[in-house]
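Here's the structure we're looking at; comments come further down.
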Amino acid sequence: MIGFIVAGLVIGALARLIKPGKQNLSLIATLLLGLAGSVIGGVVASALGTGDIFELNVLGFIVAVVAAVLLIGVAENVAGRSKAVR
């Protein structure tokens with residue numbers, strides 16, 4: 001469980017480094033988006049037969065980082081819209 005949290009934080013941090021521009025996300029939001037990305041990466045890797053959902057492998061890691069980058073983009077858009085409505 002602790003390893004899963006650490007992996008989520010690393011994946012979230014990498015996604016924020018890859019995504020251009022400044023993201024106004026907290027450490028908790030980065031962790032949660034990284035965790036969501038790692039779950040998506042694990043599911044995709046498991047579906048392709050390269051490993052278990054909780055197993056760290058190259059394909060799952062790459063998909064997790066890409067998914068986290070996309071999730072950060074979605075989170076920025078949602079946060080931007082809610083601030084624009086006020």
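The values are calculated or read from the model by the stated rules, or taken from the named source; none is laboratory data. Because the structure is a prediction, the values reported are computed rather than measured. Areas reflect the complete protein model, heavy atoms only, side chains present, ligands, DNA and RNA absent. Shrake-Rupley method; radii C 1.70, N 1.55, O 1.52, S 1.80 Å.
Take the alpha carbon gyration tensor of segment 7-71, find the square roots of its eigenvalues, order them as a ≥ b ≥ c, and report rounded if a/c is under 1.5; if not, report prolate when a/b exceeds b/c, else oblate.
prolate
Given the protein chains as shown and a 1.4 Å probe, how many square angstrom of ILE18 are accessible, to the nearest 10?
Counting only protein heavy atoms, the figure is 100 Å².
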